[in-house]
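The values are calculated or read from the model by the stated rules, or taken from the named source; none is laboratory data. The shown structure was predicted, so the numbers you read here are calculated from the model rather than taken from an experiment. For neighbour counting, all protein chains shown are included, and Cβ atoms are generated from backbone atoms with ideal geometry for every residue, glycine included.
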Amino acid sequence: MPDLGGEGDERLLARVGQGDREAFAVLFARFASKVKAYLLRLGAPPAVAEDLAQEAMLSLWRRASSYDPAKAKASTWIFVIARNAWIDRLRREKVELAYRDSLIVSEESDGEAPDDAAIREQTEQEMRAALDQLSEEQRQVVRLSFFEERPHSEIAEQLNLPLGTVKSRLRLALIKLRAHWERLA
Amino acid sequence: MSPLHHPSADILAAYTSGALEPGFGLVVGAHVDMCALCRRHTRTLESASGDALASLPEAPMGAGALEAVLKRLGDAPVAPPRADARSALARLPLKPRRWVAPGVWVAAVDTPHAADNRVYVLSVARGMPTARHEHSGAEFCTVLEGAFRDENGLYRAGDFAAADNDVNHQPVVVGDEACVCLFATEGRLRAQGVLGRLAFGLANV
């Protein structure tokens, strides 16, 4: 058995796409407990979070052949898989209705809009460039608020900032991202 | 034409993270579907979410979780689904349309949502008044076809509007086409006027 413990997430995920179970086991060890933590933060009860994390990892196996390391880092792709597992299974809302995922669905479709083609071509590198325009403080606020679902008041306390500052900084950070894309559009 | 009215940054962030209530996520999704700018923005937020996921403290999986999943893997990974190229309106599972006035129909969206919320499509022909109503919480709306105007401006196909306890506005349909909008409304609707009572009472949305 090859030692895969030192492999990067992206190479492992590409191997899973080829049907490599050992690579899958390594990714499971790295990500299943993170996915479970994310689901708990979204409000899933512990038993549901455990089940859904398993479902998400199963979905990772099934969908891995669509993974393209040029388009997304592994953690982005796994996040989308996990979020969709939450929408799809717990709420039983049809995920294709609410999220048109350029990362997961197949590359080509008939009658594809030019916009979609442009987004398919969007690379992880461009994502990085957009994120790099944010200051560290702004990034921190974005992360704390939208990912951890904490009230703004708690974030303000943690960062030792006035509540109004947190709110406006969050707005600024996100608007700055939008401005970045507007320039590219 | 690109939409001019977008979800606010925090709404889009909540949508991306999966935190919006069912139904409300659908309305944002309908906008994102028609808005290249917001699709790019969503992808950036997904990338930030990937970083956040990787740095979360672990919530350990139960004993034997890996073995249980390995048993279910099956053979090779399967081909990903093809993108559904139909419009947001064509993809929505709608319950039967109820005509509530000449040129006005409403149809509930057959999707799970909180018992107190309403998720529906409302179509209003040119020249018809829209149903004035109040609600106790937020309301999200994406225009699917046609256009309307209110005191905030002109809303065309793809445009998104969010209102919070907003009572006193009555949009007017603009142009020759019927205006078809997808709504998610939090809390019980309290219809005002005859048309409102018809739309939200008889049509059972």
query: How many residues does the stretch B:20-56 contain that are more than 7 Å from chain A (Cβ to nearest Cβ), assigned to a helix (DSSP H, G or I) and not hydrophobic (A, V, I, L, M, F, W, C)?
result: 3
query: Which residue, of A:61, A:77, is farther than 19 Å from residue B:59 by Cα, in contact with a Phe, Trp or Tyr (Cβ under 8 Å, 6 or more places away or on another chain), without any contact (Cβ under 8 Å) to a residue 60 or more places away in the chain and of a type in the set (Phe, Trp, Tyr)?
result: A:61
Subset tally (residues that are surrounded by fewer than 24 Cβ atoms within 10 Å (Cβ to Cβ), at the interface with another protein chain (Cβ under 7 Å from one of its Cβ atoms) and assigned to a loop (DSSP other than H, G, I, E, B)) for the stretch B:1-19: 1
task: Filter the stretch A:4-19 down to residues that are more than 14 Å from chain B (Cβ to nearest Cβ) and in a helix (DSSP H, G or I), then give me how many there are.
output: 1
- prompt: Restricting attention to the stretch B:79-116, which residues are surrounded by 14 or more Cβ atoms within 10 Å (Cβ to Cβ), at pLDDT below 90, in a loop (DSSP other than H, G, I, E, B) and away from chain A (no Cβ under 14 Å)?
  reply: B:103
- request: Tally the residues that are more than 10 Å from every other protein chain (Cβ to nearest Cβ) and buried (at least 18 other Cβ atoms within 10 Å of the Cβ), restricting the search to the stretch A:37-53.
  value: 2
